[in-house]
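In what follows, a single structure is set out as structure tokens and then discussed.
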Amino acid sequence: MFVQFHHAPFSNGTHGFPMNHELSSGQGGTPLRQYHPLFEEYGVVAVFSGHSEMFERSFVDEDGDGKGVHYYDVGISGDGLRGEIQDDNGEPLNYNPFSQWSADQDEPELWQEIDGVLQIVDGGKHYGHLEVNVENLAEEGLARVAFTPVYNFPLLDSNYGLLGTERRIYGDEVTLLVRADGRVAAVPEPGGVAAFVLFGLSALGLKRLPAFVSVLGR
């Protein structure tokens with residue numbers, strides 16, 4: 001089971017402060033945290049949001065069994081490319097204790113000199129999407145659910161003119177094994193290279209159903 005909100009319950013972004021915080025935007029997603037115990041109880045695998053206009057994954061496991069809920073803020077599909085809120089010295093405030101990864105902090109830009117000019121060759125904040133792939137492992141009575149954070153990398157000429165874009169993957173792929181009742185059977189493992197964009201899960205059995213997962217930031 002997946003859940004989608006516009007507002008992100010857990011975020012280090014501009015809309016992640018509690019509603020009574022002095023820096024609150026007044027549009028925070030923290031009130032949605034009241035649903036988390038239900039998500040764990042009924043086996044929700046992931047929650048997709050996008051309001052903070054950044055790319056971040058949080059993991060919340062209140063009962064400590066290693067099989068909590070992954071919260072994705074996929075705001076890079078929207079109209080901004082924000083990052084984590086920082087103090088006056090440029091240090092992240094880190095007010096989301098459940099944050100596991102963000103494109104802003106964990107994917108630094110890599111620049112190299114090419115044809116006499118500096119060019120970005122990897123990393124950084126870019127528009128993209130979260131790809132969710134579900135594979136039926138019928139013989140094992142399981143499904144493999146892979147979350148792949150994708151970004152569109154700009155290819156530039158020596159005058160910084162745009163030549164095109166290249167599909168790339170951020171370094172935070174998460175793969176889960178899920179039982180037929182929808183509950184996670186194993187803690188996250190590395191991996192998740194899938195050939196199709198898929199979204200499908202049924203308690204009666206899984207089918208490979210192509211359907212694009214788009215979580216917009218607005």
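The values are calculated or read from the model by the stated rules, or taken from the named source; none is laboratory data. Owing to the predicted nature of the structure, the values given are computational and were not obtained by experimental measurement. Counting neighbours? That spans all protein chains shown, and the Cβs are built from the backbone with ideal geometry, glycine included.
Of everything in region 84-123 that's among the aromatic types (Phe, Trp, Tyr) and assigned to a loop (DSSP other than H, G, I, E, B), which residue is surrounded by the fewest Cβ atoms within 10 Å (Cβ to Cβ)?
Result: Tyr95.
Taking Val187 as the residue in question, decide whether it is modelled with pLDDT under 90, touching a Gly at 6+ places or on another chain (Cβ under 8 Å) and assigned to a strand (DSSP E or B).
Against the criterion (modelled with pLDDT under 90, touching a Gly at 6+ places or on another chain (Cβ under 8 Å) and assigned to a strand (DSSP E or B)), Val187 qualifies.
Surrounded by 14 or more Cβ atoms within 10 Å (Cβ to Cβ), closer than 27 Å to Gly68 by Cβ and at pLDDT below 50: does that describe Val193?
no
Just to check your reading of the model, which residue among Glu135, Glu166, Glu107, Glu84 is out of contact with any Leu (no Cβ under 8 Å at 6 or more places or on another chain) and not polar (S, T, N, Q)?
Glu107
Can you work out which of the residues in region 70-81 that are at pLDDT below 95 and either more than 16 Å from Asp106 (Cβ to Cβ) or touching a Ser or Thr at 6+ places or on another chain (Cβ under 6 Å) (or both) is surrounded by the fewest Cβ atoms within 10 Å (Cβ to Cβ)?
Asp79
Restricting to region 37-69, name every residue that is of a type in the set (S, T, N, Q) and at pLDDT 90 or above.
Answer for region 37-69, where residues must be of a type in the set (S, T, N, Q) and at pLDDT 90 or above: Ser49, Ser58.
State all residues of region 35-66 that are free of Cβ contacts under 8 Å to residues at least 12 places away in the same chain, assigned to a loop (DSSP other than H, G, I, E, B) and acidic (Asp, Glu); if no residue qualifies, say none.
Scanning region 35-66 gives a single hit, Asp65.
Determine which member of the set Tyr95, Tyr160 is under 20 Å from the mean Cα position of the chain (by Cα) and among the aromatic types (Phe, Trp, Tyr).
Exactly one residue qualifies, and that residue is Tyr95.
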